[in-house]
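Computed from the coordinates by the stated procedures, all read-outs in this text should not be read as laboratory data. Please read all numbers here as calculations on a predicted model, not as lab measurements.
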Amino acid sequence: MARPHPHHFAYTMLPQLVWRRPAAVHRELADPLLARELLLYIWDKAAESLAPRERVPARGLHLSWHKVAGRATALLQLPAPQAIGEAHLVAIVYHDPEPDPDNQSHIPHEDEDDEQEVDSDEAMPRYFLLEATLGRSPEEAGTPTMLGELRGEQYRHHGAGPPAGRPDTTGRFLQALADLLGPLPDEVPFMRIVRG
């Protein structure tokens, strides 16, 4: 049974915040100091109504940025899962290039209207999870996972994920996302029909 604290953080509080204020959250996650404060604040809020014994320390909570299939992706490492239904990793996939900390032009400005973004499904970030699951990984070491996606009130299962607990788990998760997302529409190669 999933522990309520990490489950509430990864499956309820963080995705709701990401979708409610996409530009503001993107802006804060792109700044290392603001990102740390924001994530620790949400982590603490996720445990607010829980008994002290049900609270989980934020040890292992870490954010990094990656480029996945041409899209800026915030990758969040979570405290190690201890039960099925907890996430190892969360990926928030935006529809723009990877952020450059020295160049703030890619980050939405404060005067942009977040509400306008919320109305467009294409502007909404996608929210993926690498989840602990039952089963075996007979071919290789590691614990079994599955790749899931939250989109509003809907959950979608995208199949088995890479085994967790291995040095290459993060890289393989990002590669699985790249395979799932495919290239950006403007990066699709032009196809020419040749008659012989």
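Multiplying the residue separation of Glu54 and Tyr155 by 0.36 nm and subtracting their alpha-carbon distance yields 33.8 nm.
Phi angles of segment 146-154 translate, via the Karplus equation with coefficients 6.51, -1.76, 1.60 and θ = phi - 60°, into HN-Hα couplings of 9, 9, x, 9, 9, 9, x, 8, 9 Hz per residue; Gly and Pro are given as x. Kindly identify segment 37-76 as rounded, prolate or oblate by the Cα gyration tensor criterion: order the square roots of the eigenvalues as a ≥ b ≥ c, call it rounded if a/c is under 1.5, otherwise compare a/b with b/c, prolate if a/b is larger, else oblate. Prolate. Taking 0.36 nm per residue of separation and subtracting the Cα-Cα distance, full extension of the segment from Met1 to Leu40 would add 11.7 nm.
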